[in-house]
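See structure below.
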Amino acid sequence: MLDAVTSAVSLKPLTLGEHEVWPPVVLAPMAGITNVAFRRLCREQGGGVYVCEMITTRALVERIPKTLKMIQFASDEGFRSLQLYGVDPDVTAAAARMVAEENLADHIDLNFGCPVPKVTRRGGGSALPWRRRLFGRIVTQAVRAAAPAGIPVTVKMRKGIDDDHLTYVEAGLIAQEAGVAAVALHARTAEQRYSGTADWDAIATLKQALDVPVLGNGDIWEAADAMRMVAHTGVDGVVVGRGCLGRPWLFKDLHAAFDGVQSQELPNLGQVAAVMSRHAHLLVEALEDEKHGCADFRKHIAWYLKGFPVGGDLRRSLSMVASLAQLDDLLGKLDAAAPFPRESLGQPRGRVNAPGKVSLPYGWLDSRDDDTVPEGAEMDNSGG
């Protein structure tokens, strides 16, 4: 089936400025997930763009130590990708200029897709494209600030606030006019959050409307889903978020699929345990603290073990692991020969929540051309 889908689409490298990326696959920035340790696990599986966690523009400009730590890249990350979140055009420009002048990254992605209430109630994330003039100013100033260093700027957004306030085509055209290298669309509204199914038809509509590359995001759980999205929408590449949680090897499948090879990694539980151990060790190394690293790893355990026959007591012990030695001891108690649970394939992973009313600043929907920056809009804590 994969071969038939692959033969039906035209596949070429993704061009971002002077960079060509193969395969045209992007790891979506995810708060608390896409740090240097997880990016390394994924990068080792195949090519693509591996984006760090969301960085707030004010925190970067003010050089908040935690944020500066978050934008550290491994020495072998050949294409350093950083996502910025901001609501003030001047602060966003200052952050982009800092990235360019201090050689902090090779690519900047602008976040206009986050649906989290603490972001949208400030007018940021997926709420911001509604204010089209403000959106245009942010993107234009970021592109201009990054241009002297040859850093491509891309935009990631959602369809709109809700079905009555869709913005994605107009925002895509504004971003294109501002000079972005590509536009990525998570084909859900902010109101949907992560519920329901992604509207791939909207991705196709955006692709038809724009000349710059368009990337599709939403409901890519397997490599075959990525190929179906490309065939259905004609997009130039895909963005993968929740589908790789507990499955960094998905990027090996994606690379093979874009190469026209039908291959799917289905590790047994012993092989998964080995990846889990390495992930935890990489986190400890990155965070330079064993207790902190192990605590940070705990959230990944349920994703790695999804569908495997693991007893409740062992799962609970793993969820409270406090040291690498304890983790490796507990992983040794797993049934290494247990096969990968095929019934979990193609199923949602990570956040699956109900739709919810979008929190917005007072009067936000009254005027689309008001480019006033909402009071208190900027945040000084990175990571979402």
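The values are calculated or read from the model by the stated rules, or taken from the named source; none is laboratory data. As the structure is a computational prediction, the values presented were derived from the model and not from experiment. Methodologically, a virtual Cβ is constructed for each residue, glycine included, from the backbone with ideal geometry; neighbour enumeration extends over all protein chains shown. These accessible areas exclude ligands, DNA and RNA; they are computed on the full protein's heavy atoms, side chains included. Shrake-Rupley method; radii C 1.70, N 1.55, O 1.52, S 1.80 Å.
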Exercise. Determine ³J(HN,Hα), in whole Hz, for all residues of region 337-343 in sequence, where each value follows from phi through the Karplus function 6.51 cos²θ - 1.76 cosθ + 1.60 and θ = phi - 60°; x replaces Gly and Pro.
Key: 7, 4, x, 5, x, 4, 5
Quiz prompt | Rounded accessible area of ASP289 (nearest 10 Å², 1.4 Å probe) | solution = 70 Å²
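Apply 1/(1 + (r/R0)^6) to the Cβ-Cβ distance of ALA231 and ALA354, taking R0 = 25 Å, and write down the FRET efficiency to the nearest 0.05.
Details: r = 31 Å, r/R0 = 1.22.
The pair ALA231/ALA354 has a calculated efficiency of 0.25.
Let me spell out the model: positive unit charges on the Cβ of Lys and Arg, negative unit charges on the Cβ of Asp and Glu, origin at the Cα centre of region 269-339. What dipole size does that give, in debye rounded to 20? It would help to have the intermediate numbers written out before the result.
Details: 8 positive and 9 negative charges, 71 e Å.
The calculation lands at about 340 debye.
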Quiz item: Taking a point 7 angstrom from the Cα of THR197 along the C-beta vector, which residues in region 299-321 have backbone N less than 13 Å away?
Solution: none
Quiz prompt | Charge dipole magnitude, Cβ of K and R +1, D and E -1 - the chain, Cα centre, debye nearest 20 | solution = 740 debye
Quiz item: Taking Cα centroids, how far is region 284-345 from region 56-133 in Å?
Solution: 32 Å
Exercise. Report ³J(HN,Hα) in whole Hz for each residue of region 73-78, in order, from the Karplus equation J = 6.51 cos²θ - 1.76 cosθ + 1.60 where θ = phi - 60°; Gly and Pro get x.
Key: 10, 5, 5, 9, 7, x
Quiz item: Under 5 Å between amide H atoms, partner at least 5 residues away or on a different chain: which partners does LEU16 have, H built in plane at 1.01 Å?
Solution: VAL21
Quiz item: For the chain, what is the percent of antiparallel DSSP beta bridges, rounded to the nearest 5?
Solution: 10 percent
Exercise. For helix 200-209, report the angle its Cα long axis makes with the longest principal axis of the Cα atoms of the chain; keep it between 0 and 90° and round to the nearest 10°.
Key: 40 degrees
Quiz item: Can you give the calculated 222 nm mean residue ellipticity of the chain, where each DSSP H run of n ≥ 4 adds -39,500 (n - 2.57) and the sum is split over every residue, rounded to the nearest 500 deg cm²/dmol?
Solution: -11500 deg cm²/dmol
Practice problem: Mind pulling up the Rg/Rh value for region 269-339? Radius of gyration and Kirkwood radius, both on Cα. | Solution: 0.94
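Between exposed GluC sites (Glu not before Pro) in the chain, where DSSP calls loop and at most 10 other Cβ atoms lie within 10 Å, what's the longest gap? Write down the numbers at each step before the final one.
Values: sites that count: GLU18, GLU102, GLU288, GLU375.
Here the longest segment lacking exposed loop sites spans 103-287.
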Quiz item: In the chain, with Lys and Arg counted as +1 and Asp and Glu as -1 at Cβ, which of these residues, TRP249, ALA322, PRO152, has the Cα nearest the positive end of the dipole, that is, farthest along it?
Solution: ALA322
Quiz prompt | In nm, spacing of pseudo-spin labels at ARG144 and GLU177 (7 Å Cα→C-beta vector) | solution = 1.5 nm
Quiz item: So how much slack lies between GLU285 and GLU102, counting 0.36 nm per residue of separation and subtracting their Cα-Cα distance, in nm?
Solution: 63.4 nm
Practice problem: Provide the solvent-accessible area of HIS186, counting protein heavy atoms only and rolling a 1.4 Å probe, rounded to the nearest 10 Å². | Solution: 10 Å²
Quiz item: So who's got an amide H within less than 5 Å of the one on LEU110, skipping anything under 5 residues away but keeping other chains? H placed 1.01 Å off N, in plane.
Solution: LEU84, THR154, VAL155, LYS156
Quiz prompt | Kirkwood Rh and Cα Rg combined as Rg over Rh, evaluated for region 18-259 | solution = 0.93
Quiz item: Excluding ligands and nucleic acids, what accessible area in Å² is computed for VAL214 using a 1.4 Å probe, to the nearest 10?
Solution: 0 Å²
Quiz item: For MET54, which sequence-distant residues (separation of 5 or more, or a different chain) have an amide H within less than 5 Å of its own amide H, given hydrogens modelled in the peptide plane?
Solution: MET30, ALA31, GLY383
Quiz prompt | Extension gain from GLU62 to HIS292, taking 0.36 nm per residue of separation minus the Cα-Cα distance | solution = 80.3 nm
